[in-house]
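A short worksheet on the structure shown next.
The values are calculated or read from the model by the stated rules, or taken from the named source; none is laboratory data. Keep in mind the model is a prediction, meaning the values are calculated, not measured. Cβ: placed from backbone, ideal geometry, glycine included. Neighbour counts: every protein chain shown. The area values use the complete protein model at the heavy-atom level, side chains included, leaving out ligands, DNA and RNA. Shrake-Rupley method; radii C 1.70, N 1.55, O 1.52, S 1.80 Å.
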Amino acid sequence: MRHFDSLLRLNEDEVREIMRISADLKARWNQGARPQLLEGRVLTLLFEKPSLRTRISFEAAITHLGGNSVFMSCTEAGLNGRESLADVARVLAGYSDWIAMRTFSHQLVEDFMRYSGCPVINGLSDGAHPCQALADLFTIQETFGSLAGKRLTYIGDGNNVARSLAVGAALMKMPFIIASPLGYELTPQFLSMLKQRVPTADITLTPDPAAAVARSDVVYVDVWTSMGQENEHEKRKAVFAPYQVSAKLMAAAPRSARFMHCLPAKRGMEVTDDVMDGAQSIVFEQAENRMHIAKGLLVWLLGSDPIKG
Ligand code: CP
Ligand code: NVA
């Protein structure tokens, strides 16, 4: 059975396969077609944190393809101690074709997978955001026509999104450059694990945002304070201030570079309005692609290709 807790579950060909299914379904959706490939299927969403894109893109994706979604907070589902995690996982898997989770602890997703009889999807944990990174690769492929060799520069915290992008870039043979303040870099443990799993990974760490964007194809940003870190907000605001992506910083990148943000954005903090709304920004194409890649992922996780028959 296939799970999707991390992009490390996939190899390059599998990423391409999910993107191929997604591109096919996107083209059909753009023509007004909604093939009922997942009719009668149930996607359960179990969330511990707020969400706009992840929840609604999955709900729209399953609806377009003829299935249904059920949403419940982790607390309401009983993960606050009402019953054991193993029991919740076994029961829910009996009702569902997939379970998409959004959690604080990454371990909770891993534990859930051990007991679930259906595919588990990580819809963001403190450790990873693989659905986001998959959609981002899809968006970069659409924008530039290819992935290998494209330079992906990330400015900011070495967080869940940064980790999943680093894995995605490594799988697809893209140089990944990350500019972070001291103490907020990708950890040595993560980097050595990635090097071990994908020996060709090309990752550059620097404290200098202007140097980082100099030769980039994509400049990518996430919030300075992730969900669950709200009590660090004031401290982070000061530490990350030199890492704001403004028109001045974008001017240090090639004119052909595109700006991406997983959203939600804190405008005026990690990014200024002129960049978010500027000609180089593809943030809303990126957000829409969350839905298209969700379709490809749901279909692929079932292990059959209803498009080919
Ligand atoms: N990018 C993303 O995952 O957005 P949400 O937190 O709104 O789901
Ligand atoms: N790093 C952010 C991503 C939100 C989509 C967070 O975890 O809150």
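Counting only helices (runs of 4 or more DSSP H) that sit completely within segment 221-309, those holding 3 or more residues that are open to solvent by 50 Å² or more (accessible area, probe 1.4 Å) and within 16 Å of ligand 1 (Cβ to nearest atom) correspond to 283-301.
Among the residues of segment 207-244, those that are among the β-branched types (Val, Ile, Thr) and either without any contact (Cβ under 8 Å) to a residue 12 or more places away in the chain or more than 18 Å from Ala166 (Cβ to Cβ) (or both) comprise Thr225, Val239. When each of Glu59, Glu48 is tested for being of a type in the set (Asp, Glu) and touching a Lys or Arg at 6+ places or on another chain (Cβ under 7 Å), the lone residue that passes is Glu48. Within segment 1-59, the residues that satisfy the criterion of being out of contact with any Ser or Thr (no Cβ under 6 Å at 6 or more places or on another chain) and among the β-branched types (Val, Ile, Thr) are Val15, Ile18, Ile21, Thr54, Ile56.
Scanning segment 28-44 for residues that are open to solvent by 50 Å² or more (accessible area, probe 1.4 Å) and more than 19 Å from Ser69 (Cβ to Cβ) gives Arg28, Asn30, Gln31, Gly32.
The residue pairs whose first member lies in segment 107-128 and is among the hydroxyl-bearing types (Ser, Thr, Tyr), whose second member is open to solvent by less than 10 Å² (accessible area, probe 1.4 Å) and away from ligand 2 (no atom under 16 Å from the Cβ), and whose beta carbons are closer than 8 Å, counting only pairs six or more residues apart or on different chains, are Tyr115/Ala89; Ser116/Ala89; Ser116/Ile99. Taken together, Phe58, Phe47, Phe71, Phe104 contain a single residue that is open to solvent by 50 Å² or more (accessible area, probe 1.4 Å) and touching a Gly at 6+ places or on another chain (Cβ under 9 Å), which is Phe104.
The residues listed here are Pro209, Pro175; of these, the one that is farther than 25 Å from Ser146 by Cβ and touching a helix residue (DSSP H, G or I) at 6+ places or on another chain (Cβ under 8 Å) is Pro209.
Being open to solvent by 10 Å² or more (accessible area, probe 1.4 Å), within 16 Å of ligand 1 (Cβ to nearest atom) and at negative phi: is that true of Arg151 here? Answer is no for this residue. Would you tally the residues in segment 210-220 being open to solvent by 20 Å² or more (accessible area, probe 1.4 Å) and either within 16 Å of ligand 1 (Cβ to nearest atom) or of a type outside the set (A, V, I, L, M, F, W, C) (or both)? Residues that pass the stated criteria total 2. The residue that is nearest to His261 (Cα to Cα), among those in segment 187-203 that are outside any helix (DSSP H, G or I) and open to solvent by 10 Å² or more (accessible area, probe 1.4 Å), is Ile203.
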